[in-house]
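K.L.:
Here it is, the structure, as structure tokens.
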Amino acid sequence: MYGLKTDWLEPLQASAFTLDDYEGGVARWCPGCGDHAVLTSIQRLCRDEQLPPHKTMMVSGIGCSSRFPHYMKTYGFHGLHGRALPLAEGIRSRRPDLHIFVSTGDGDCCSIGAGHWIHAIRYNMNMTVMLFDNNVYGLTKNQSSPTSCQGQTSNTHPRGAWLKPLNPIQTTLGVINASFVAQTVDWNPVHLLATLKAAHRHQGLSFVRIMQRCPHFTDGIFDFARNEANGIKLMHHADGIPVDDAFKARFPNHVEHDPTNLNEARELADTEDAIPIGLFYRNNNADRYDEFSVEGLATPRAEKLKAVRGVLDGYRI
Ligand code: SF4
């Protein structure tokens, strides 16, 4: 018998996206900026998970990290200062089929966007939120942000920031209905990628704070964690960010932490002598507002118009 036998054929993937399919414009961040590492990780995540570029959405506010959508060859929305989260929620409500990533900075999210941040955590709509935390407003040239360390000098506080910094992990853990709260660092590509992958696979809002180097304005603030053996505290658990034994062995300062234990998560978030990395908290059963807000999407246009007219008729005088 001649001809192709289909059972001899290798199974073909419906699509095979490569890194090229996600690489947008040339990134214009400063050399050595941690944002480059996050961009590379997200492009690798998209490739590894085979996310269709036309089904992937990058949303941002304003700031250095908010240039992220320009550097991805996916859909994107570079929004207003502090408004990335409501934009992403609107998109999620109309397009439940998209993979949504939000990039926001400590100034964008924790200051002008703080109200949206709190409610987005409570609404728990399915998306991956990356908080790039470099302890400063970088794009507007060195002003103190809510996470600037006490005593850190900037153009707004030349004699040093007066107040203690806000802890974004503690704040997020304090919001009812938080469902995924993790922390990682830009200079460890293995942990960074593993954390972002776990965040993307989580069904609900995953909040990932990324300690991000800004060599231009806050150079050296993470040196203690990069150079000292105990500067990083690795949290690990079977249900946490997956790390193997070889990886774990590189961190003498490590702790097993069950991510369902909220009280312990809060204690770990308060660690001052090291940067804890890993999954603080996960609740797979938290309510998701997007399961409600997509209702009616399939309603035909004529029916929608009829309903709107019916409501408007109620105001006729
Ligand atoms: Fe990165 Fe800082 Fe330069 Fe902004 S100012 S691009 S955060 S290094």
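K.L.:
Pairs of lysine in the chain with Cα under 23 Å and at least 8 positions apart or on different chains: total?
P.N.:
Values: Lys55/Lys73; Lys55/Lys197; Lys73/Lys197; Lys141/Lys164; Lys164/Lys233; Lys197/Lys233; Lys197/Lys248; Lys233/Lys248.
Final tally of qualifying lysine pairs is 8.
K.L.:
Give the distance, in whole Å, between the Cα centre of the stretch 18-70 and the Cα centre of the stretch 86-114.
P.N.:
Spelled out, the Cα-based centre of one part sits 15 Å from the other.
K.L.:
Additional query: Two-decimal Rg/Rh of the stretch 19-313 from alpha-carbon positions, Kirkwood Rh? Mind dumping the intermediate values first?
P.N.:
Values: Rg = 19.4 Å, Rh = 19.6 Å.
Rounded to two decimals, Rg over Rh is 0.99.
K.L.:
Restricting to Cα pairs below 8 Å that are 6+ residues apart, what does the relative contact order work out to for the chain? Please round to a whole percent. Could the numbers behind the result be given before it?
P.N.:
Values: 623 pairs, mean separation 49.4, N = 317.
Across the chain, relative contact order equals 16 percent.
K.L.:
Right, something else. Just name one of Gly296, Ala246, Val190: the one whose Cα is farthest towards the positive end of the charge dipole of the chain (beta-carbon charges, Lys/Arg +1, Asp/Glu -1).
P.N.:
Gly296
K.L.:
For the chain, with a Gaussian network of springs between Cα atoms less than 10 Å apart, report the residue from Asp270, Asp244, Asp20 with the top mean-square fluctuation.
P.N.:
Looking only at Asp270, Asp244, Asp20, the largest GNM fluctuation is found for Asp244.
K.L.:
Jot down the per residue volume, in cubic angstrom and as a whole number, of the convex hull over the alpha-carbon atoms of the stretch 237-317.
P.N.:
Details: hull volume 15.4 nm³, N = 81.
So the per-residue Cα hull volume is 190 Å³.
K.L.:
Further question: Among Ile42, Ile277, Ile121, which one shows the highest mean-square fluctuation when the chain is modelled as a Gaussian network with alpha-carbon springs under 10 Å?
P.N.:
Highest fluctuation of the listed residues: Ile42.
K.L.:
Where both partners of a DSSP beta bridge lie in the chain, what percent of those bridges are antiparallel, to the nearest 5?
P.N.:
Approximately 20 percent, going by the DSSP bridge assignments.
K.L.:
Taking the simple approach of a point 7 Å from Cα along Cα-to-Cβ for both Asp239 and Asn261, what is their distance in nm?
P.N.:
Each label point is offset 7 Å from its Cα along the Cβ direction, giving 1.2 nm.
K.L.:
Another question, then. Calculate, for Arg28 and Ala246, the FRET efficiency according to 1/(1 + (r/R0)^6) with r their C-beta to C-beta distance and R0 41 Å; round to the nearest 0.05. Can you show the working numbers first?
P.N.:
Values: r = 36 Å, r/R0 = 0.88.
It comes out at approximately 0.70.
K.L.:
In debye to the nearest 20, how big a dipole does the chain give about its Cα centre with +1 on each Lys and Arg Cβ and -1 on each Asp and Glu Cβ? Each step should come with its number before you reach the end.
P.N.:
Values: 31 positive and 33 negative charges, 243 e Å.
Result for the chain is approximately 1160 debye, rounded to the nearest 20.
K.L.:
On the first, second and third principal axes, largest extent first, how far apart are the outermost C-alpha atoms of the stretch 189-244 in Å?
P.N.:
36, 24, 15
K.L.:
Select from Thr218, Gln152, Leu98 the residue farthest towards the positive end of the dipole of the chain; place +1 on Cβ of Lys and Arg, -1 on Cβ of Asp and Glu, and compute about the Cα centre.
P.N.:
Checked the options; the winner is Leu98.
K.L.:
Whole angstrom only: what separates the Cα centroid of the stretch 180-233 from the Cα centroid of the stretch 266-306?
P.N.:
That distance is 21 Å.
K.L.:
Continuing with the same structure: How do the peptides 193-201, 29-37, 129-137 rank, highest first, by the average count of neighbouring beta carbon atoms within 10 Å per residue? All intermediate terms of the calculation are to be shown ahead of the outcome.
P.N.:
Values: 193-201: 21.1, 29-37: 18.1, 129-137: 27.0.
Highest mean packing first, the order is 129-137, 193-201, 29-37.
Since every read-out is calculated from the coordinates, none of them should be taken as a lab result. Since the model is a prediction, treat every value here as computed from it, not as a measurement. All Cβ positions, even for glycine, are placed from backbone atoms using ideal geometry, and neighbour counts span all protein chains on display.
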